[in-house]
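> Below is the structure I would like to discuss, written out as structure tokens.
The values are calculated or read from the model by the stated rules, or taken from the named source; none is laboratory data. Note that the structure is predicted; figures quoted are calculated from it, not measured. Neighbour counts are summed over all protein chains in view; Cβ atoms, including those assigned to glycine, are modelled from backbone coordinates with ideal geometry. Quick note on the areas: whole protein, heavy atoms, side chains included, nothing else; ligands and nucleic acids left out. Shrake-Rupley method; radii C 1.70, N 1.55, O 1.52, S 1.80 Å.
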Amino acid sequence: MNTRQKIIFLSAGILFFTAKSLIAQQTTGVPGSPSATITADGKYLPNPAPPFKGEINLNAKDSKTYWPARVTPRKGAPNVLLIMTDDQGYGITSTFGGVIPTPTMDSLAKHGLRYTQFHSSALCSPSRAALITGRNHHNVGFGVIAEQATGYPGYDAIIGADNATVGRILKDNGYSTSWFGKNHNTPEYLYSLSGPYDQWPSGMGFDYFYGFMGGETDQWTPWLFRDHQQIFPWLEKPGYNLTTGMADDAINYMTQIHSVAPDKPFFLYYAPGGTHAPHQPTKEWIDKFKGKFDMGWNKMRDMIYENQKRLGVIPPDTKLTPWPTGQADYGGAKLPLWEDLTPMEKKLFAHQAEVFAAYVAYTDYEIGRVIQQVKDLGEMDNTIVIYISGDNGTSAEGSTIGTPFDLASIQGIDVPVEEQMKYYDQWGSEFTTPHMSVAWSWAFDAPFKWTKQIASHFGGTRQGMVISWPGHIVDTGSIRTQFHHLIDIAPTILDITGISAPVMVDGIAQKPMDGVSLAYTFDKANATAPSKHVTQYFEMMGNRAIYQDGWVATTTPAAGPWLMGVGKLPDVVNGYNWELYNIREDFSENNNLAARMPEKLAEMKELFLVQASKNQVFPMDNSVLPRLLAPKPSYTAGRNVFSYANRLTGIPNSDAPNILAKSYSINAEIEVTNTGNEGMIVTDGGRFGGYGLYLAKGIPVFSYNLLGLAHFQWTGSTTLSSGRHSLRFDFTYDGPGFGKGGTGILSIDEKVVDTKKIPHTIPFVLTIDESFDIGSDTRTGVNEEYKLPFVFTGKINKVTFTLKPNSPAEERALMQKTQETQNNAQ
């Protein structure tokens, strides 16, 4: 048989298999009628078009119509409401012993099941990729967050076509699919309207999207999308907050689809920004928690621990792991005791926790509104609700003292307590983007040690989860202790809906899902059954662990994640110490058995290598800054000159000229139609970091916002006359290195009008949730001098950016400085 014959034979085989598959499908209604439906086996998506079975003659009156049947899931297939909050460790919710009331989750637990050994990947993007694909995070390209992607299969932040999401699978099998809130699974360089959209929610199988694309956004003026279009709801609704706004939109969406197609089941993925920074609840919620955290983080941690024992969400013999005081087996991590703080520190830190707690409770309340709408539609008895508290442990990215501006803290800039007190009354408002002290984060992860980013220990990976399914889960109010992971959610959804994982999607063979269904735990008879999830690896930034059948081997983190990777780090392969735990007897990983059981430890370490090889974990990398700064695909790659004309808004920062750590010039050719012309000519960023070149009542201004911490401004002396003008801003950078100062010169029609030297610039990240705009400022201003939207009322002919490329010597020096920061800074 020659190659051509083999191809024909193979194609015929596929067609035969597909035809056989179609025959096995179940049809309801009168075949060929508009009301006919069909339940497909779903092995090959999209489902093949059925053959036309009507009659076609020369004219319509002698012919017979035949409509293809509409694909629907099996009769009685439930709606699915999948909820996952952000940056919440095991000890946060009242459902799992926390001191913050979460009555919505409590109610679901009362009518469903609580899972006490459920796990994440320890970081946002990876956890979310695992959740929607049913595959390990490296296996789908998300070994780290999208912003740190590198060009390796396990780390490129691309969910390949061979990893169809649960949204795509359900959509092709007759579900309405929607996604609300946080995405963080689309590379930043794809945020613009230039697309492509295959990595957007729409390309992942979701009919409708209302949310934000990145890891975080300001809740008051979010960088918000409906499907592919940027929207600005706060302009129409003063006081808008995304936490309520997305609940409103989800409620409206459910109402509409239920009104139009009441028999069509829905899959609604609900992922609020709460409680990732910025912590921005409404004042009403903040006021509810005044004075609630005056006891401090150490006493609060003890309270959580006692609550957990009382509720039975930890075994009664569980030990509360020691507080970090610099122990070697804690990687030297050291956090202060509450009793050693000054009165000012206690006041500030208690308020940080009040705002965070308000955000937790506010988020839970709005989730409750969405669930109430399911009840009001009469769909609760046919809806499974999966509510996961957090995509990782509580975040330690706010520094040891917290911050009023989180973009500063993640770039290693600490704001002294005395300076933070200036923002005390604005904490959580639209004028701050706050985060709390690491010590609170550690305490909220009780009874475990460590926090978000640390995949080696349960403080980073243990999540509280509740599942409610009225009429199907009858052992209500009970606890399940089986070991499970986010990769088990997609297989569970397919299991309970009766839908098969596809063999092929769009002609591309699919990777098998790595997870297993946990539907067996719904049965009361299996309340204490052994877990079907026997083995699970964990890895994030070099910190790693391997679980197998009750045993866990972990590496000791080399440094706290709040150091942002700037501490001296060991060799990623051989430089880490290992620990060993029997979690059947030691729930909190308190008793390290490594020294006593070296053979068992060696066996587990070998198993990690096997699992890591299978899941694209190699090459491992424990760097933070180098990966954040590593070149990535974008529409700016390799360019040093950028020209724009006319109004242009909503360009993601990654596709804008990058002015950080280099010299540059901005030249704007404009026409002033009258002396009162004003508005934004070009801007990137906003209130919490960025720059803008604009006219203020006819006077040229260049404003530079250093992460909300300082503002520098260059201003012309006179109002521009009518006619053509050339505005130019030149900046000479004092590098090499990051965050250095420089000298800026503002010129009008080739005449220098203002020169100013500034001591610092933004080091690494200009903005997370603002866009690059020409001719308008669309979200927040770089200063409070003008009101939004700040549209330019003259005419923009051309805006040109010229970036001065670093010489080879400068580039080497810059990389050396980066490496020094990575290896030596403390």
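> Among the numbered criteria (1) in contact with a Leu (Cβ under 8 Å, 6 or more places away or on another chain); (2) closer than 30 Å to Gln308 by Cα; (3) in contact (Cβ under 8 Å) with a residue 24 or more places away in the chain, which one does Ile583 miss?
Among (1) in contact with a Leu (Cβ under 8 Å, 6 or more places away or on another chain); (2) closer than 30 Å to Gln308 by Cα; (3) in contact (Cβ under 8 Å) with a residue 24 or more places away in the chain, Ile583 violates only (1).
> Within the stretch 704-718, track down each residue that is at pLDDT 95 or above and more than 41 Å from the chain's Cα centre (by Cα).
Of everything in the stretch 704-718, just one residue is at pLDDT 95 or above and more than 41 Å from the chain's Cα centre (by Cα), namely Gly716.
> Is there a residue in the stretch 275-290 that is part of a loop (DSSP other than H, G, I, E, B) and under 30 Å from Tyr175 (Cβ atoms)?
So far as the stretch 275-290 goes, yes, one or more of its residues are part of a loop (DSSP other than H, G, I, E, B) and under 30 Å from Tyr175 (Cβ atoms).
> State whether the residues of the stretch 150-165 include one that is without any contact (Cβ under 8 Å) to a residue 40 or more places away in the chain, of a type in the set (A, V, I, L, M) and either open to solvent by less than 10 Å² (accessible area, probe 1.4 Å) or in contact with a Lys or Arg (Cβ under 9 Å, 6 or more places away or on another chain) (or both).
Scanning the stretch 150-165, I find at least one residue that is without any contact (Cβ under 8 Å) to a residue 40 or more places away in the chain, of a type in the set (A, V, I, L, M) and either open to solvent by less than 10 Å² (accessible area, probe 1.4 Å) or in contact with a Lys or Arg (Cβ under 9 Å, 6 or more places away or on another chain) (or both), so the answer is yes.
> Residue pairs, Cβ under 8 Å, 6 or more apart or interchain, first in the stretch 353-372 and among the basic types (Lys, Arg), second modelled with pLDDT of 95 or more. List them.
Close Cβ pairs satisfying both conditions: Arg369/Ala247; Arg369/Ile251.
> Follow-up question, since we're still on this one. Is it the case that Gly76 is open to solvent by less than 10 Å² (accessible area, probe 1.4 Å) and touching a residue at least 12 places away in the same chain (Cβ under 8 Å)?
For Gly76, the condition - open to solvent by less than 10 Å² (accessible area, probe 1.4 Å) and touching a residue at least 12 places away in the same chain (Cβ under 8 Å) - is not met.
> Next question, about the same structure. Can you tell me which of (1) within 30 Å of Gly312 (Cα to Cα); (2) assigned to a loop (DSSP other than H, G, I, E, B); (3) touching a strand residue (DSSP E or B) at 6+ places or on another chain (Cβ under 9 Å) is the one Glu585 doesn't meet?
Condition (3) is where Glu585 drops out.
> What's the total number of residues in the stretch 361-378 that are among the charged types (D, E, K, R) and either open to solvent by 30 Å² or more (accessible area, probe 1.4 Å) or at positive phi (or both)?
3
> Among the residues of the stretch 673-703, write down those that are over 28 Å from the mean Cα position of the chain (by Cα) and open to solvent by 10 Å² or more (accessible area, probe 1.4 Å).
Thr673, Asn674, Thr675, Gly676, Glu678, Ala696, Lys697, Ile699, listed by residue number.
Yes/no matrix, rows are residues, columns are (1) open to solvent by less than 100 Å² (accessible area, probe 1.4 Å); (2) of a type in the set (S, T, N, Q); (3) modelled with pLDDT of 85 or more:
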residue	(1), (2), (3)
Ile23	no, no, no
Ser33	yes, yes, yes
Asn57	yes, yes, yes
Arg70	no, no, yes
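> For the stretch 148-167, which residues satisfy the criterion of being in contact with a Ser or Thr (Cβ under 8 Å, 6 or more places away or on another chain) and closer than 23 Å to Met84 by Cα? Spell out how you get there, then give the answer.
Taking the stretch 148-167 first, the residues in contact with a Ser or Thr (Cβ under 8 Å, 6 or more places away or on another chain) are 156-157, 159, 163-167.
Listed by number, the residues that qualify are Ala157, Ile159, Asn163, Ala164, Thr165, Val166, Gly167.
> Assess whether Met246 counts as being out of contact with any Gly (no Cβ under 9 Å at 6 or more places or on another chain), touching a residue at least 24 places away in the same chain (Cβ under 8 Å), crowded, with 22+ Cβ neighbours inside 10 Å and not in a loop (DSSP other than H, G, I, E, B). Write out each step before concluding.
Numbers: out of contact with any Gly (no Cβ under 9 Å at 6 or more places or on another chain): no; touching a residue at least 24 places away in the same chain (Cβ under 8 Å): yes; crowded, with 22+ Cβ neighbours inside 10 Å: yes; not in a loop (DSSP other than H, G, I, E, B): yes.
No: the conditions fail for Met246.
> Quick one: how many residues across the stretch 663-681 are at pLDDT 95 or above and of a type outside the set (Asp, Glu)?
11
> Checking the conditions here, which among Tyr240, Tyr269 is assigned to a strand (DSSP E or B), open to solvent by less than 30 Å² (accessible area, probe 1.4 Å) and either at pLDDT 95 or above or within 20 Å of Asn173 (Cα to Cα) (or both)?
It is Tyr269.
> Are there any pairs, at least 6 apart or on different chains, whose C-beta atoms fall under 7 Å, with the first in the stretch 92-106 and under 14 Å from Val313 (Cβ atoms) and the second open to solvent by 10 Å² or more (accessible area, probe 1.4 Å) and among the basic types (Lys, Arg), and if so, which?
So the pair list comes out as Thr95/Arg114.
> Any residue in the stretch 517-529 that is free of Cβ contacts under 8 Å to residues at least 24 places away in the same chain and open to solvent by less than 50 Å² (accessible area, probe 1.4 Å) sitting within a Cβ distance under 7 Å of a residue that is assigned to a loop (DSSP other than H, G, I, E, B) and among the charged types (D, E, K, R)? List the pairs, counting only those 6 or more apart or interchain.
Tyr520/Lys532
> Taking the stretch 322-350, which residues are closer than 15 Å to Trp440 by Cα and either touching a strand residue (DSSP E or B) at 6+ places or on another chain (Cβ under 9 Å) or assigned to a loop (DSSP other than H, G, I, E, B) (or both)?
Answer for the stretch 322-350, where residues must be closer than 15 Å to Trp440 by Cα and either touching a strand residue (DSSP E or B) at 6+ places or on another chain (Cβ under 9 Å) or assigned to a loop (DSSP other than H, G, I, E, B) (or both): Pro322, Trp323, Pro324, Thr325, Ala333, Lys334, Leu335, Pro336, Leu337, Leu341.
> Among (1) more than 30 Å from Gly741 (Cα to Cα); (2) within 28 Å of the chain's Cα centre (by Cα); (3) surrounded by 16 or more Cβ atoms within 10 Å (Cβ to Cβ); (4) not hydroxyl-bearing (Ser, Thr, Tyr), where does Val573 come up short?
(3)
> Among residues belonging to the stretch 606-651 that are more than 23 Å from Pro570 (Cβ to Cβ) and among the hydrophobic types (A, V, I, L, M, F, W, C), point out the one that is most open to solvent (accessible area, probe 1.4 Å).
Val641
> Does the stretch 749-777 hold any residues that are open to solvent by less than 20 Å² (accessible area, probe 1.4 Å) and either touching a helix residue (DSSP H, G or I) at 6+ places or on another chain (Cβ under 8 Å) or β-branched (Val, Ile, Thr) (or both), and which are they?
Scanning the stretch 749-777 gives Ile758, Thr761, Ile762, Leu766, Thr767, Glu770, Ser771, Phe772, Ile774.
> Within the stretch 306-360, restricting attention to residues that are more than 25 Å from Pro416 (Cβ to Cβ) and among the basic types (Lys, Arg), which residue is most open to solvent (accessible area, probe 1.4 Å)? Spell out how you get there, then give the answer.
Filtering the stretch 306-360 down to residues more than 25 Å from Pro416 (Cβ to Cβ) leaves 306-322, 327-331, 360.
This time we only want the ones that are among the basic types (Lys, Arg), so: 309-310, 319.
On the way: Lys309: 66, Arg310: 166, Lys319: 118 Å².
So the residue we want is Arg310.
> Still on this structure, please answer the following. Suppose we keep only residues that are open to solvent by less than 10 Å² (accessible area, probe 1.4 Å) and touching a Lys or Arg at 6+ places or on another chain (Cβ under 9 Å) within the stretch 539-559. Which one would you say is nearest to Ala328 (Cα to Cα)? Walk me through it before giving the result.
We begin by selecting, within the stretch 539-559, every residue open to solvent by less than 10 Å² (accessible area, probe 1.4 Å); these are 539-540, 542, 544-546, 550, 552-555, 557.
Still in the list and also touching a Lys or Arg at 6+ places or on another chain (Cβ under 9 Å): 546, 550, 553-555.
Numbers: Ile546: 21, Gly550: 25, Ala553: 17, Thr554: 15, Thr555: 13 Å.
Top of the filtered list is Thr555.
> May I ask you to list the residues in the stretch 767-788 that are touching a Phe, Trp or Tyr at 6+ places or on another chain (Cβ under 8 Å) and either polar (S, T, N, Q) or under 21 Å from Glu430 (Cβ atoms) (or both)?
Thr767, Asp769, Glu770, Ser771, Ser776, Asp777, Thr778, Arg779, Thr780, Gly781, Val782, Tyr786, listed by residue number.
> Mind listing just one residue for me: the one in the stretch 177-193 that is more than 16 Å from the chain's Cα centre (by Cα) and modelled with pLDDT under 95 and, of those, most open to solvent (accessible area, probe 1.4 Å)?
Leu193
> Would you please name the residue that is most open to solvent (accessible area, probe 1.4 Å), looking only at residues in the stretch 194-231 that are among the aliphatic types (A, V, I, L, M) and farther than 19 Å from Thr282 by Cβ?
Ile231
> Among the candidates Ser399, Ser409, Ser395, Ser389, which residue alone is hydroxyl-bearing (Ser, Thr, Tyr) and surrounded by fewer than 24 Cβ atoms within 10 Å (Cβ to Cβ)?
From the options Ser399, Ser409, Ser395, Ser389, the qualifying one is Ser399.
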